[in-house]
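Asks: A single structure is presented below for examination.
The values are calculated or read from the model by the stated rules, or taken from the named source; none is laboratory data. Since we're looking at a predicted model, the values are computed, not measured. Note: ideal-geometry Cβ built from the backbone for every residue, glycine included; neighbour counts use all protein chains shown.
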Number of protein chains: 4
Amino acid sequence: MSLDSSSPGNEPNEPLVVVDPHRLEAFSDSVMAVIITIMAFNLKTPVTANLHGLASRVPSILVYILSFVFVGIYWNNHHHLLRATRRISGAVMWTNLHLLFWLSLIPFATAWVGSAHANALPASAYGVVALGAALAYFALQRSILRANSDHAAILRAVGKDVKGIVSPLIYAGGLALAFVSPYIAYGCYAIVAIMWFVPDRRLTKVA
Amino acid sequence: MSLDSSSPGNEPNEPLVVVDPHRLEAFSDSVMAVIITIMAFNLKTPVTANLHGLASRVPSILVYILSFVFVGIYWNNHHHLLRATRRISGAVMWTNLHLLFWLSLIPFATAWVGSAHANALPASAYGVVALGAALAYFALQRSILRANSDHAAILRAVGKDVKGIVSPLIYAGGLALAFVSPYIAYGCYAIVAIMWFVPDRRLTKVA
Amino acid sequence: MSLDSSSPGNEPNEPLVVVDPHRLEAFSDSVMAVIITIMAFNLKTPVTANLHGLASRVPSILVYILSFVFVGIYWNNHHHLLRATRRISGAVMWTNLHLLFWLSLIPFATAWVGSAHANALPASAYGVVALGAALAYFALQRSILRANSDHAAILRAVGKDVKGIVSPLIYAGGLALAFVSPYIAYGCYAIVAIMWFVPDRRLTKVA
Amino acid sequence: MSLDSSSPGNEPNEPLVVVDPHRLEAFSDSVMAVIITIMAFNLKTPVTANLHGLASRVPSILVYILSFVFVGIYWNNHHHLLRATRRISGAVMWTNLHLLFWLSLIPFATAWVGSAHANALPASAYGVVALGAALAYFALQRSILRANSDHAAILRAVGKDVKGIVSPLIYAGGLALAFVSPYIAYGCYAIVAIMWFVPDRRLTKVA
């Protein structure tokens, strides 16, 4: 099922290229671009036009910044991952859609935390979505590896993914600890964001 | 009206390429990407930040998952269909817009089912939209076939479309049976989703 | 200011290509895709899940269909126009943004008509937006013609634009007659839509 | 970290291209396209369908026009800047996301001004967002310069950026003067928009 899609122009007699990585990228980009913008749109204007009104929006703005960085990191990593990808299979398409599914729930989780940040359940729900996205990204990496097992570059690149294993564990911790204090949960999510913010040397540096 | 659009660079004296399949794809991708994200945005945050509040959103989340898979399947199939397409006509452009019209109503139907899932009418309306999209996809396939009648690959590929004939029938059944019980209707829609989820071998395998 | 943008790879010493038509297209496509989807999202779910509730949404759905066809026609024509375009100038970029400005007001006008269709003012406001878009499209054509005055194809293609002159007149009539009856206005807008729906032979046929 | 991304097809043994400028452009375009459309969607329909109702929306429409031009200018400049860019680094990706972050807050600031235009705080908040975007654009320019220090064209092009230095100063003045009168602030923001509307000769003209 994994057909080579590196050649841009296909002759009529040639086997059809099943999936074009560029379209997969473009579609994922569109979804992530809309997610980012919709989250900002979700920031409701303060009811009163004074500092008190603005202060009531500070938690919404803080969780928006967290979610913006969160989606930004996925966009960045997704981009690096697909740049190293030569072949795409049907499984890659669906694992990619699965990742987009979890990312598409980020605006919902962000809006909920923004409106009820002191509660355990929204804080934990945010962690569930983040954990879902992290596991989906892991599955996407695996399906790309299976479809590109003969390409040494991506094998070396994705080979030892410490962050990819540590992140879900911190998210799982955060979503459980939200019931102790939601702020511990937010701290966990922020730690993962900072951890990923540092550029990933694996795909950038290829000896 | 069906002009060859396979040659990327056109000389001034050459007949103009009417439609670029890449722009048709890119536009359709954008619309589907926004549909997916807007549906998730439609998930209203629970009024109370407890399990009761979250439980009240479960039907919305379930129908969101159904609709996400629904749009994901169309994106997948649309992508495969257009990969096999060499020529585009004005009729293809309008049958494609017609498909996007029905897909653009999915967030409306999803939101209605999400807010009143136990009622017959929203369940039936969802089926009307799904049926409209299925028939529109069928019409799109026909118009692409007419514009590409000399290309054996697409002829073979789209030739015997069993799923494309069965799906509208199940949708029609579902939208009628919604008046017996809306849950029968949801069952019908889920069956079609599962049926399509299995990858379509017709366009993937070209001997 | 109108530089040739047909050569994809520019050498450092070569004059920079000011504007890439593909990016202009892609940006316009994105805006139009979001407009279409946002309008559908604007369709509020019926308050009561019965035929009475659905009936209350019929005007919204009808004006949505009109607006969908309206944007679809612009997408189609915009696509044909830019396919015939070789050179882009700064003026083309701004006349294009000006067109997108008017198109971006369509969801607002659509929502207003949908919620108060029996009133003169929303019916007239819809005409103002449609007239603005028609005049903006006309200005876009002129700026593209100025930037491509040496290309015979586009000169012939855009040369005699009867529809482009008649449409604004009908819109102007419609927005005035809205104060006699809003339904006359809707009739006028529908006539223009039908008129344009018939494929434009000018750019399609190039001898 | 700045790898050459001008060659489209990479051999497996070749160092991986970290970032494709086209994807950076496409993603930024998507975000800006959604911002523009979402702002228009934010224009709430008048409560009463008469001139009084419409008049109540005039401030919203005026600030929408200002924000549309604002985003249009960024789209235009961003496009020109990236056209002159040959190499992209990880820092460019993040400074670009940082710019998109500030732009994504424009709909929020626009909606707030639209609903409470006579108040100092929304007028000042708009200036904070505009200032943030201006500084982020400045940082983006710097990071692109660092990644392309060997390309004379971009060095010459971005070299003396008078507007880029004056704009933040006017925004800073506007956001402070909003507490004297919000209308002085709007005047300041309009002056910057007009200043940038005049096409930028630096990147357009390359001797």
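Asks: Can D:L169 be described as at pLDDT 90 or above, assigned to a helix (DSSP H, G or I) and closer than 28 Å to D:I38 by Cα? If you could, list the steps in order and put the result at the bottom.
Replies: Working: at pLDDT 90 or above: yes; assigned to a helix (DSSP H, G or I): yes; closer than 28 Å to D:I38 by Cα: no.
So D:L169 fails the test.
Asks: Right, something else. Could you check segment C:69-85 and list, in sequence order, the residues that are more than 7 Å from every other protein chain (Cβ to nearest Cβ) and under 19 Å from C:F41 (Cα atoms)?
Replies: Scanning segment C:69-85 gives C:V69, C:F70, C:V71.
Asks: In this structure, is A:A49 hydrophobic (A, V, I, L, M, F, W, C) and part of a loop (DSSP other than H, G, I, E, B)? Step through it out loud before you land on a result.
Replies: Values: hydrophobic (A, V, I, L, M, F, W, C): yes; part of a loop (DSSP other than H, G, I, E, B): yes.
Yes.
Asks: Please tell me if C:T85 is under 19 Å from the mean Cα position of the chain (by Cα), of a type in the set (S, T, Y) and assigned to a loop (DSSP other than H, G, I, E, B). First the steps, then the outcome.
Replies: Details: under 19 Å from the mean Cα position of the chain (by Cα): yes; of a type in the set (S, T, Y): yes; assigned to a loop (DSSP other than H, G, I, E, B): yes.
Yes; evaluated as a whole, the condition is true for this residue.
Asks: For residues in segment A:109-120 being in contact with a helix residue (DSSP H, G or I) (Cβ under 6 Å, 6 or more places away or on another chain) and not hydroxyl-bearing (S, T, Y), which is surrounded by the most Cβ atoms within 10 Å (Cβ to Cβ)? Steps first, please.
Replies: At the first step, the residues of segment A:109-120 found to be in contact with a helix residue (DSSP H, G or I) (Cβ under 6 Å, 6 or more places away or on another chain) are A:109-110, A:112-114, A:116-117, A:120.
Filter once more, so that each one left must be not hydroxyl-bearing (S, T, Y): A:109, A:112-114, A:116-117, A:120.
On the way: A:A109: 26, A:W112: 26, A:V113: 29, A:G114: 23, A:A116: 21, A:H117: 19, A:A120: 18.
Applying the filter and picking the extreme gives A:V113.
Asks: A further question follows. Restricting to segment C:86-100, name every residue that is surrounded by 22 or more Cβ atoms within 10 Å (Cβ to Cβ) and either over 12 Å from C:Y137 (Cα atoms) or facing another protein chain (nearest Cβ under 9 Å) (or both). Give the derivation first.
Replies: Kept after step one, since they are surrounded by 22 or more Cβ atoms within 10 Å (Cβ to Cβ), are these residues of segment C:86-100: C:87-88, C:92-93, C:96-97, C:99-100.
Result: C:R87, C:I88, C:M93, C:L97, C:L100.
Asks: What's the number of the condition C:A116 fails, among (1) free of Cβ contacts under 8 Å to residues at least 12 places away in the same chain; (2) under 30 Å from D:H80 (Cβ atoms); (3) not aromatic (F, W, Y)?
Replies: Here C:A116 clears every test but (2).
Asks: If A:A125 meets every condition in (1) closer than 20 Å to A:A185 by Cβ; (2) away from chain B (no Cβ under 12 Å) apart from one, which number is that one?
Replies: Just one mismatch for A:A125, condition (2).
Asks: If you check every pair at least six apart or on different chains, which have Cβ atoms under 8 Å apart with a residue in segment B:23-36 that is facing chain A (nearest Cβ under 7 Å) first and a residue that is among the basic types (K, R) second?
Replies: Final answer for the pair search is B:E25/A:R23; B:D29/A:R23.
Asks: Something else about it: Counting just the residues of segment D:1-42 that are closer than 30 Å to D:P107 by Cβ and in contact with a strand residue (DSSP E or B) (Cβ under 8 Å, 6 or more places away or on another chain), which one comes out modelled with the lowest pLDDT? Lay out the reasoning, then the answer.
Replies: Here is the first cut: in segment D:1-42, the ones closer than 30 Å to D:P107 by Cβ are D:19-42.
Those still in the list that are in contact with a strand residue (DSSP E or B) (Cβ under 8 Å, 6 or more places away or on another chain) too: D:19-21, D:24.
Working: D:V19: 55, D:D20: 65, D:P21: 79, D:L24: 87.
So the residue we want is D:V19.
Asks: In segment D:105-162, which helices (runs of 4 or more DSSP H) lie fully inside it and hold 3 or more residues that are at pLDDT 90 or above?
Replies: Values: elements: D:106-115, D:120-147, D:152-158.
Counting at least 3 such residues, we get D:106-115, D:120-147.
Asks: If you don't mind, another one. Using the structure shown, decide if B:L97 is without any contact (Cβ under 8 Å) to a residue 12 or more places away in the chain and either in contact with a Cys (Cβ under 7 Å, 6 or more places away or on another chain) or within 19 Å of C:V71 (Cβ to Cβ) (or both).
Replies: On the way: without any contact (Cβ under 8 Å) to a residue 12 or more places away in the chain: yes; either in contact with a Cys (Cβ under 7 Å, 6 or more places away or on another chain) or within 19 Å of C:V71 (Cβ to Cβ) (or both): yes.
When the stated conditions are applied, B:L97 passes them.
Asks: Among (1) within 26 Å of D:T37 (Cα to Cα); (2) in contact with a strand residue (DSSP E or B) (Cβ under 9 Å, 6 or more places away or on another chain); (3) facing another protein chain (nearest Cβ under 8 Å), where does C:A116 come up short?
Replies: If we test C:A116 against (1) within 26 Å of D:T37 (Cα to Cα); (2) in contact with a strand residue (DSSP E or B) (Cβ under 9 Å, 6 or more places away or on another chain); (3) facing another protein chain (nearest Cβ under 8 Å), just (2) comes out false.
Asks: Let me ask something additional. Are any residues in segment B:42-68 buried (at least 19 other Cβ atoms within 10 Å of the Cβ), facing another protein chain (nearest Cβ under 10 Å) and of a type in the set (A, V, I, L, M), and if so, which ones?
Replies: Answer for segment B:42-68, where residues must be buried (at least 19 other Cβ atoms within 10 Å of the Cβ), facing another protein chain (nearest Cβ under 10 Å) and of a type in the set (A, V, I, L, M): B:L43, B:A49.
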